[in-house]
Amino acid sequence: MAGSWLGLVQGFGGLRIAGGHLRFAPTLPKAWKGYGFNLRWRGCALRVDVDARGVRYRLDEGGLLVFAHAGSEVVLEPGREVVLPLAVPSPPKAVFPRACQALIFDLDGVLTDTAHTHYRAWKRLADGIGVPFDLQVNERLKGVDRMASLEIILERAPRAYSADEKRALADTKNGYYVQEIAKVGPQDLFDGVRGVLDAARAAGLKLGLASASRNAPALLQKLGIADCFDYIADAGRIVRAKPDPAIFLDVAAALGVPAQLCIGVEDAAAGIEAIHAAGMAAIGIGDARALRHADAVIPRIADFDLRTFVSP
């Protein structure tokens, strides 16, 4: 019986324990209608049900439980449940295109770090409307666009907000963020960024930016690297956010380069998924465990050696 439970939970449920935290990546065999299991972890009783509609996590006992679902952090309160999409099996590792013609970068966490700047702006907004917001919730916003981030924050709001009110709140947060980045300059680039961009340009590669931030063009100007890019995605025009591949496909099309001849560079699991869905090879910047589905992971952009991924 123990072996059967482990086969179900660790096999199809994708349970792993990493860094003292639970990680799930549930899949559903084609011939199955669904399955479920119970799990006790550090005083918490968690129920997991999987069917074609998605994965339902319900916390029946214990305190606040933080775990990962398909690489994204989930924070579940006692007595609450959340339904998330099934994990998509990872495609076979891509072979880096030796005839690579373009590099497509994310911005925040790859070229510079405005994550805490976003946090302060969201925190200021949340405090103003009486919604609890902390660094744990902020982790869920990584790689997510503005309106989707607002929806996550409003999950704990004491009342519902209309569409017009949500747009106003998003605009208010953006105003706070713009105030925060007023002091940004070239000194805020990560070490090595200029060298990587110059080396790519010297190698004849095209450069694109696929950032979910609508402030990306202004931020690149402040950082002094706007002229390094052949195309910067218009985040306001991209309807579907990462992990949808739309923004990466948009950049590849604008550069005039087939997706299979592009390499995407990201720091978020959702971004890696989007790159693969676009048919590109993916380089992760940051924690190898969080970015385990990337084709290669390097700790920081300064460690990016173009010769490792692109033939001369």
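The values are calculated or read from the model by the stated rules, or taken from the named source; none is laboratory data. Predicted model only: the values in this text are computed from it and were never measured. Glycine gets a Cβ as well: all are built from the backbone with ideal geometry, and neighbour counts include every protein chain shown.
Overview of results
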item	result
Qualifying residue in segment 230-237 (condition: under 22 Å from Phe96 (Cβ atoms) and buried (at least 21 other Cβ atoms within 10 Å of the Cβ))	no
Those residues of segment 145-178 which are farther than 30 Å from Asp305 by Cα and outside any helix (DSSP H, G or I), in sequence order	Ala157, Pro158, Arg159, Ala160, Tyr161, Ser162
Flag if Gly204 is under 21 Å from Leu261 (Cβ atoms), under 22 Å from the mean Cα position of the chain (by Cα), at pLDDT 90 or above and of a type outside the set (A, V, I, L, M)	no
Segment 238-284: number of residues that are among the charged types (D, E, K, R) and within 23 Å of Asp305 (Cβ to Cβ)	2
Test result for Leu291, outside the structural domain of Ala18 (by TED's automatic domain parsing) and touching a helix residue (DSSP H, G or I) at 6+ places or on another chain (Cβ under 7 Å)	yes
Hey, Leu169 modelled with pLDDT of 95 or more, in contact with a Leu (Cβ under 7 Å, 6 or more places away or on another chain), buried (at least 20 other Cβ atoms within 10 Å of the Cβ) and outside the structural domain of Val239 (by TED's automatic domain parsing) or not	yes
Long-range neighbours under 6 Å by Cβ, at least six apart or interchain, first residue at positive phi within segment 191-219, second outside any strand (DSSP E or B)	Gly192/Ile301; Gly192/Ala302
Residues of segment 15-36 satisfying the condition of being part of a strand (DSSP E or B) and surrounded by 16 or more Cβ atoms within 10 Å (Cβ to Cβ)	Leu22, Arg23, Phe24, Tyr35
Criterion: within 15 Å of Arg214 (Cβ to Cβ) and out of contact with any Leu (no Cβ under 8 Å at 6 or more places or on another chain) - qualifying residue of Gly204, Gly192, Gly175	Gly175
Residue identified as of a type in the set (Lys, Arg), over 25 Å from the mean Cα position of the chain (by Cα), more than 21 Å from Ala269 (Cβ to Cβ) and part of a strand (DSSP E or B) among Arg47, Arg58	Arg47
Single unsatisfied condition, Ile181 versus (1) in a helix (DSSP H, G or I); (2) in contact with a Lys or Arg (Cβ under 6 Å, 6 or more places away or on another chain)	(2)
Qualifying residue in segment 92-101 (condition: touching a Ser or Thr at 6+ places or on another chain (Cβ under 6 Å) and not acidic (Asp, Glu))	yes
Residue among Arg300, Arg289 that alone is surrounded by fewer than 24 Cβ atoms within 10 Å (Cβ to Cβ), in contact (Cβ under 8 Å) with a residue 24 or more places away in the chain and under 16 Å from the mean Cα position of the chain (by Cα)	Arg289
